[in-house]
Structures are given as C-alpha cells and as structure tokens.
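Colleague: Dumping the structure here so I can ask a few things about it.
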Amino acid sequence: MSPKTLYDKIWDAHVAHEADDGTCLLYIDRHLVHEVTSPQAFEGLRMAGRKVRAPEKTIAVPDHNVPTTPDRVNGIENPESRIQVEALDKNAKDFGIHYYPVHDVRQGIVHIVGPEQGWTLPGMTVVCGDSHTATHGAFGALAHGIGTSEVEHVLATQTLIQKKSKNMKVEITGKLQPGVTAKDITLAVIGETGTAGGTGYVIEYCGEAIRDLSMEGRMTVCNMAIEGGARAGLIAPDETTFEYVKGRPHAPKGAQWEAAMEWWKTLYTDEGAHFDKVVTLRGEDIAPVVTWGTSPEDVLPITATVPNPEDFEGGKVDAARRSIEYMGLEAGQKLSDVEIDTVFIGSCTNGRIEDLRAAAEILKGKKIKDGMRAMVVPGSGLVRLQAEEEGLADIFKEAGFEWRLAGCSMCLAMNPDQLQPGERCAATSNRNFEGRQGRGGRTHLLSPAMAAAAALTGRLTDVRDLM
Amino acid sequence: MEKFDKVHGVAAPMPLINIDTDMIIPKVHLKTIKRSGLGVVLFDEMRYHDHGGENEEFVLNKPAYRNTEILVAGDNFGCGSSREHAPWAIKDFGIKVVISTSFADIFFNNCFKNGILPIVVEEEHHAILMDDAHKGENARMTVHLEDQKITTSDGVEIEFDIDPHRKHCLLNGLDDIGLSMEKEHHIDKFEEHASQARPWV
C-alpha cells in the first residue's frame, strides 16, 4: 500500500460515497453549532420538513453574541443578539441536540467547549459554521469551518459534499527560545506563507517544536490555519493528546477507550508519504511577533519597524499603504514605540487556561498602565473556574484587568465589547481586519504574554525585557 | 435555487487584495436570523461614512456601478470568516459573478450554494478584465457559464475552469441537500460500517 499522510487516512475513513468526478460525501462525526450561523439552517430544515439526522453528534452553544459582564444573568439587552440566542435555545430543544445554554458553567466558545468536554477526538471529522473550527485539528481531527448552507446540509444528512484538498507540511524544527509561544509560531508561519499560502491545502504541522507544545498550544497553532488560507490544520495525536482526552466527559471509557487507542495510534503520516507543499521554519529563529497591518500576514518580530509599502510587490503595495494609514502608523516607526490603550486576552485562539497562566506570570504583583482598558475573557466557564482556583483571577484583578464571563467577546465584537474608532488594542485573538474589533478600531495580534507586557507598559513591548 | 445561465452587465473593479469577510459585511449585520435584505449593507464600512451617508469615492456608489452584476476583485477575495452573510449580501445587491485570481476556500464554497459564480482567472487575464471593468457603464461584460467563457466589452474572450458538478448544479438551480438525500442508502451503509469500526464515535 502506498504511504499515506495523516489527512489521507482520516479522509479515507470518512468517505460515504465518491462520484466518478471525485466529488465525495464526507461523513461528519461531530457538528458544532452556535447562534450566529445556524438560525437560517434550522429554518431551512423546518421549511422542508426535514429532521436532524444525527442529533447525538450535534452540539450547540451560544458564544458570539453573549455579553461577558456579570449582569448577563439578567438577560441579553441587545434585542437582536437576544433573538439569536433564543433561537438557538429553541432549535436545540426542538431538534433534540446537546446544548450548553448561557447560564451553564460549561458554556463558552464552541472551539474551547468541544475539546474540554471530550467531544473532539483524534481521527474524527469535525465541522462548525465558524472558520476557527480548524482549532480541533490539534487532536488529529479533520476540522474545518463551513457556511450556513453547509450547516443545513450536515444537519440533514450528517455529510458534506467535498473534494479532497492537497497535502501541505509545515515543519517547525528545534526548540523555541524563551518568551516565544505557540501564538508566535502560528503568526510566524502566516507571515512566511501569506494569507493565501494555504488555499487548497490541509496543513499538517510537525517537528520538534510542535511536539513539545501542550494541547492548548497545539490548538492555538491549528486555530489560525484558516488565517493562512488552509482548509484545515492537523497535528498527529500522541501521548500529549491521549493524556488530555482521557477522562473527559464524552471521551470513550474502558474497552472503548482501548479500541479507540488502537486506531488513534495509527494516525500519523507514513514514512515517504507525499506532500504537495512543504514549509520549514527553525524554532530557534522565531521571535515574539506582532502584527502591524490589517491582514494576519502582516507579521514582524517586536524588534522590527513598520515597513515601507514600497518594499512590497504587486497588489500588496496598495494594501500595505491602506493598512498603515488605517492603523495610524508610519513607515520606519519602531513597533515597540507603538502606544496602545486597550488589551484583550481571550478568544478561541488564546482563551484557554495555559494562555491565562502565561499572561498572569508576567502580571503577577504588577499594575497595568494608568488609563489602560484591559480585559480577560476566559474561553469557557470551566476555564474561568479553574483560573479562579489557581489564583490567576486575583492576579488579573489586582493588576487592573476586568475579569469577565466566557464568550467570543472583543475578538469579533458582536457583543458590547468593542473598540471605539481610533482605539488601539493589543489582542490575543486571530484577526486584525479593518473594523474587526469595532468600526475604526486598530488591532495588533500577539501572544498572551506579549499582551500582558503591553498592558504594563502601555505600548507594544518585547516580553523578554520583562522576564 | 434560481438557474444560472448568462450574465451580461457592468463589472465593477475592486483591485484591493485580501478583501475579507468583515469588509464584505461587518459583524453588526450578522445578528439577523434571515438570509435576505443584506444588500444595503454590502461593503458597509467602505460604502458609507461613519456618520452615515454614502462615500462617493467607493466604486459601487459611483453612478456607473450602482447596478453592477459582476465584480472584478483583487487576490484572495473573501478571506476570513465562514459567514454566509457575505455571499447573501453580494447576491442581494444584485452581483451574480465575482472574478479574482484566487478566493478563500469557505467563501468560494458558499458562493455556489447561493447561485453566485466565483471565477478564478490567471493574472494576465485578470489584468484585462480589471481594465475593462474600469471603463464603466458603457463597457458590458458577458459571462457565459455553459461555454465557460467571459467576453469583454471589446470582444476579447477568456475561458475559465469550473468543477463539472458545481457547474451542473448552478445551471440547473439544484439544491445540494436534495441531491445528497438521494444517496441516503450510502450514508446508511457508511454509518452501519462506522458504528462497528469506531463504536466510540
């Protein structure tokens, strides 16, 4: 048998039907649902008199719209947000799917709740009407975002119409330097490949620096595969994965666990398997990075300066000029001189316990700069609880951070957590698009430790100077 | 879904690369539970001033392009989120074809589900089409799906590729779910097999 990549193996195990032209019906093991991209899909089912084919494989949680302030127990003030969440409440009930409502302690960002509850397992196919579904690839699951029509298709048939993508390998060799994290890896890769570099591919991340990452770190890396244009990101499961999964509420138990392990241990890329594209970075070469522009590919080490648009080629010249103007920066300006007024720690990229630990480590016993607006939005109610038990919440609060309830929050600013025009935010989230965190708002993407450092000094800061 | 045949109309130029889904439709407009009515907020933040009122500089606000049916856009169009509100807004505005050198994967898929034809062309052809789009109202392009051909206002013909299954669905206005449900016995069979092979799922 010819050698296969990890992607080939998972794909082959899920093809329910293949047409002559290669169009496949790919079976979906887990379908995650949230309130923003699902109402029209459920409506479509109702209109056609269709049912959810596999409600036991469908999990819903509201996250995008929910306020993260303590007063949310009194209900959601914004009428449109409230209607979307109420629609999800009703749809979950009517169609009999698993549901974590707003008041449930397990509620949180769908991509944090799925793994936390053991819904996401190695070798699975996982989809959600959200591009950051790529996160679940950290488990060696084939996971990607879909549109609402596809959400409806999966609800009705438990399959997706797909053609196979190409294989791409991203290898990070060696060890990371102190102060460099999973977020720096994933941003550095996008800086190297560009936001369209992964278009048409599924990426497998490998190499010593990836192996050394915790599950939290691996989720951060895979989460941003979509920002590199890839359909999905994957990391082969290993002891770190199995250790994380074992004992989770929906993970297999007893004999089922043993059977699952037997298969999971075969989930790796065979020696000699073909990759259509290979990118290699040396772990030692990756520095703590920040973004300067309005595309996630606009990545530079914190020690660098804002680039000159003329240094680029083709369409990027105009795009860089527009970005720099929008961001209120000047070519040649040192990134470490850029002053910020807001810090956001959270999101499906960096809202897990390890992220909060990394930020708290920098903040311990210190105060954030006067006038700084800083918030921590844990990725789930359980992350929040754990952070409180570990004393992290106290560190954040004493430093001057707001300590919020779980949700997507200022990552996409659909709830009240938004930037005002001209405000500049150091954010641990995943997109720095124009207006992403609020109309006219300016976003610099970075790691949780770098975000904490920025909160202390009031400007983009090399975290290594504070270590 | 409406059948897609031929589009003959004005094409609007948007040469900016990496036009993302937040630009196409900002999140404030994702709070709807309907698919319709989003055309007025297409490209909202570029199209209107902060205080309201149209930005005259924006291409779709120029008299020549108000009824545009074709968009010629820069590379990596539609990158970012999976929000299908982006193609819903494009369709609702009246745009039926988007042409670029590349598209983000999820956006590209979403277009076909909504009767929009996204066309990928080579850079040299893209430059010809972008020039043609800049000519405005008097320059009408024709996109012919059956023949897989774009004809510029000067009569230059450019061929394009499209997945045969997707072409068939667009031409006939077919609903994916209906088609897939016809293969239900394959799904049943797969489930039966998978429940043996991977009972923990």
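Colleague: Any residue in region A:56-64 that is closer than 28 Å to B:His85 by Cβ, more than 27 Å from the chain's Cα centre (by Cα) and outside the structural domain of A:His274 (by TED's automatic domain parsing)?
Modeller: No, region A:56-64 has no match at all.
Colleague: Among the candidates A:Gly407, A:Gly422, A:Gly441, single out the residue that is in contact (Cβ under 8 Å) with a residue 24 or more places away in the chain, within 16 Å of the chain's Cα centre (by Cα) and within 14 Å of chain B (Cβ to nearest Cβ).
Modeller: A:Gly407
Colleague: Take the conditions free of Cβ contacts under 8 Å to residues at least 60 places away in the same chain and crowded, with 20+ Cβ neighbours inside 10 Å and apply them to B:Phe103. Does it pass?
Modeller: For B:Phe103, the condition - free of Cβ contacts under 8 Å to residues at least 60 places away in the same chain and crowded, with 20+ Cβ neighbours inside 10 Å - is met.
Colleague: State the number of residues belonging to region B:16-44 that are under 21 Å from B:Phe103 (Cα atoms), facing chain A (nearest Cβ under 7 Å) and either surrounded by fewer than 20 Cβ atoms within 10 Å (Cβ to Cβ) or among the hydroxyl-bearing types (Ser, Thr, Tyr) (or both).
Modeller: 1
Colleague: Out of the residues in region A:1-48 that are over 16 Å from A:Thr148 (Cα atoms), free of Cβ contacts under 8 Å to residues at least 40 places away in the same chain and under 28 Å from the mean Cα position of the chain (by Cα), state the one that is farthest from the other protein chains (Cβ to nearest Cβ).
Modeller: Restricting to residues being over 16 Å from A:Thr148 (Cα atoms), free of Cβ contacts under 8 Å to residues at least 40 places away in the same chain and under 28 Å from the mean Cα position of the chain (by Cα), the top hit is A:Asp12.
Colleague: What's the number of the only condition in (1) surrounded by fewer than 17 Cβ atoms within 10 Å (Cβ to Cβ); (2) at pLDDT below 95; (3) acidic (Asp, Glu) that B:Asp176 fails to meet?
Modeller: Single failed check for B:Asp176: (1).
Colleague: Shifting gears a bit: Inside region A:49-88, can you point out the residues that are without any contact (Cβ under 8 Å) to a residue 24 or more places away in the chain and either assigned to a helix (DSSP H, G or I) or among the basic types (Lys, Arg) (or both)?
Modeller: A:Asp71, A:Asn74, A:Pro79, A:Glu80, A:Arg82, A:Ile83, A:Glu86
Colleague: Can you pull out the residues in region A:121-161 that are under 23 Å from A:Asn65 (Cβ atoms) and among the hydrophobic types (A, V, I, L, M, F, W, C)?
Modeller: A:Val126, A:Val127, A:Cys128, A:Ala134, A:Ala143, A:Ile146, A:Val151, A:Val154, A:Leu155 - these are the residues of region A:121-161 that are under 23 Å from A:Asn65 (Cβ atoms) and among the hydrophobic types (A, V, I, L, M, F, W, C).
Colleague: A:His144 - would you say it is buried (at least 24 other Cβ atoms within 10 Å of the Cβ), assigned to a helix (DSSP H, G or I) and either among the basic types (Lys, Arg) or within 14 Å of chain B (Cβ to nearest Cβ) (or both)?
Modeller: no
Colleague: In region B:1-24, what residues are out of contact with any strand residue (DSSP E or B) (no Cβ under 9 Å at 6 or more places or on another chain) and closer than 19 Å to A:Thr195 by Cα?
Modeller: Answer for region B:1-24, where residues must be out of contact with any strand residue (DSSP E or B) (no Cβ under 9 Å at 6 or more places or on another chain) and closer than 19 Å to A:Thr195 by Cα: B:Asp22, B:Met23.
Colleague: Now a separate question. All but one of (1) aliphatic (A, V, I, L, M); (2) surrounded by fewer than 24 Cβ atoms within 10 Å (Cβ to Cβ); (3) more than 29 Å from A:Glu313 (Cα to Cα) hold for A:Ala196; state the number of the condition that does not hold.
Modeller: (3)
Colleague: While we're looking at this one, here's another question. For residues that are of a type in the set (Asp, Glu) and assigned to a strand (DSSP E or B), tally how many sit in region B:1-25. Quick ask: steps written out before the conclusion?
Modeller: Of region B:1-25, the ones of a type in the set (Asp, Glu) are B:2, B:5, B:20, B:22.
Adding the requirement that they be assigned to a strand (DSSP E or B) leaves B:20.
Number satisfying all stated conditions: 1.
Colleague: Then there is this: Aliphatic (A, V, I, L, M), without any contact (Cβ under 8 Å) to a residue 40 or more places away in the chain, touching a helix residue (DSSP H, G or I) at 6+ places or on another chain (Cβ under 9 Å) and surrounded by fewer than 22 Cβ atoms within 10 Å (Cβ to Cβ): does that describe A:Ala287? Give the derivation first.
Modeller: Details: aliphatic (A, V, I, L, M): yes; without any contact (Cβ under 8 Å) to a residue 40 or more places away in the chain: no; touching a helix residue (DSSP H, G or I) at 6+ places or on another chain (Cβ under 9 Å): yes; surrounded by fewer than 22 Cβ atoms within 10 Å (Cβ to Cβ): yes.
Here the answer is no, as A:Ala287 does not meet what is asked.
Colleague: Looking only at region A:1-48, how many residues end up being crowded, with 16+ Cβ neighbours inside 10 Å and in a strand (DSSP E or B)?
Modeller: Count: 11.
Colleague: Suppose we filter region B:116-129 for residues that are within 11 Å of another protein chain (Cβ to nearest Cβ) and touching a residue at least 40 places away in the same chain (Cβ under 8 Å); how many remain?
Modeller: Qualifying residue count for the region: 2.
Colleague: What do you reckon, is B:His144 of a type outside the set (Asp, Glu), loosely packed, with under 13 Cβ neighbours inside 10 Å and out of contact with any helix residue (DSSP H, G or I) (no Cβ under 6 Å at 6 or more places or on another chain)?
Modeller: no
Colleague: Spot the failing condition for A:Phe242; the list is (1) within 18 Å of A:Cys425 (Cβ to Cβ); (2) within 14 Å of chain B (Cβ to nearest Cβ); (3) in contact (Cβ under 8 Å) with a residue 12 or more places away in the chain, and only one is missed.
Modeller: It is condition (1) that A:Phe242 fails.
Colleague: Testing B:Glu54 on (1) among the charged types (D, E, K, R); (2) within 13 Å of another protein chain (Cβ to nearest Cβ); (3) in contact with a helix residue (DSSP H, G or I) (Cβ under 9 Å, 6 or more places away or on another chain), one condition comes back false. Which one is that?
Modeller: (2)
Colleague: Inside region B:166-201, can you point out the residues that are farther than 20 Å from A:Gly147 by Cβ and assigned to a loop (DSSP other than H, G, I, E, B)?
Modeller: Selection gives B:Glu182, B:Lys183, B:Arg198, B:Pro199, B:Trp200, B:Val201.
Colleague: Filtering region A:365-378 down to residues that are surrounded by 14 or more Cβ atoms within 10 Å (Cβ to Cβ) and out of contact with any Asp or Glu (no Cβ under 8 Å at 6 or more places or on another chain), which residue is farthest from A:Asp417 (Cα to Cα)? Full working, then the answer.
Modeller: Step one: list which residues in region A:365-378 are surrounded by 14 or more Cβ atoms within 10 Å (Cβ to Cβ), which gives A:366, A:368-369, A:372-378.
Subset that is out of contact with any Asp or Glu (no Cβ under 8 Å at 6 or more places or on another chain): A:366, A:368-369, A:378.
Values: A:Lys366: 25, A:Ile368: 19, A:Lys369: 20, A:Pro378: 14 Å.
Residue satisfying both the conditions and the ranking: A:Lys366.
Colleague: Oh, and also: Taking the condition more than 22 Å from the chain's Cα centre (by Cα), within 14 Å of chain B (Cβ to nearest Cβ) and surrounded by fewer than 21 Cβ atoms within 10 Å (Cβ to Cβ), does A:Ala251 pass?
Modeller: Here the answer is no, as A:Ala251 does not meet what is asked.
Colleague: Answer yes or no as to whether A:Thr195 is without any contact (Cβ under 8 Å) to a residue 40 or more places away in the chain, at the interface with chain B (Cβ under 8 Å from one of its Cβ atoms) and farther than 26 Å from B:Arg198 by Cα.
Modeller: Considered against the rule, which asks whether it is without any contact (Cβ under 8 Å) to a residue 40 or more places away in the chain, at the interface with chain B (Cβ under 8 Å from one of its Cβ atoms) and farther than 26 Å from B:Arg198 by Cα, A:Thr195 comes out as no.
Colleague: Output the number of the condition that A:Ile109 fails; it satisfies all remaining conditions of (1) closer than 27 Å to A:Trp11 by Cα; (2) hydrophobic (A, V, I, L, M, F, W, C); (3) surrounded by fewer than 24 Cβ atoms within 10 Å (Cβ to Cβ).
Modeller: Exception for A:Ile109: condition (3).
Colleague: Kindly provide the set of residues from region B:134-165 that are at pLDDT 95 or above and in a helix (DSSP H, G or I), ordered by number.
Modeller: Listed by number, the list holds a single entry, B:His134.
Colleague: Another question, if that's okay. Of the residues A:Ala452, A:Ala393, only one is aliphatic (A, V, I, L, M), in a helix (DSSP H, G or I) and surrounded by 24 or more Cβ atoms within 10 Å (Cβ to Cβ); which? Step through it out loud before you land on a result.
Modeller: Numbers: A:Ala393 fails: surrounded by 24 or more Cβ atoms within 10 Å (Cβ to Cβ).
Result: A:Ala452 is the single residue among A:Ala452, A:Ala393 that is aliphatic (A, V, I, L, M), in a helix (DSSP H, G or I) and surrounded by 24 or more Cβ atoms within 10 Å (Cβ to Cβ).
Colleague: Restricting attention to region B:161-187, report how many residues are within 9 Å of chain A (Cβ to nearest Cβ), free of Cβ contacts under 8 Å to residues at least 40 places away in the same chain and not β-branched (Val, Ile, Thr).
Modeller: 10
The values are calculated or read from the model by the stated rules, or taken from the named source; none is laboratory data. None of the values given here were measured: they were computed from a predicted structure. For neighbour counting, all protein chains shown are included, and Cβ atoms are generated from backbone atoms with ideal geometry for every residue, glycine included.
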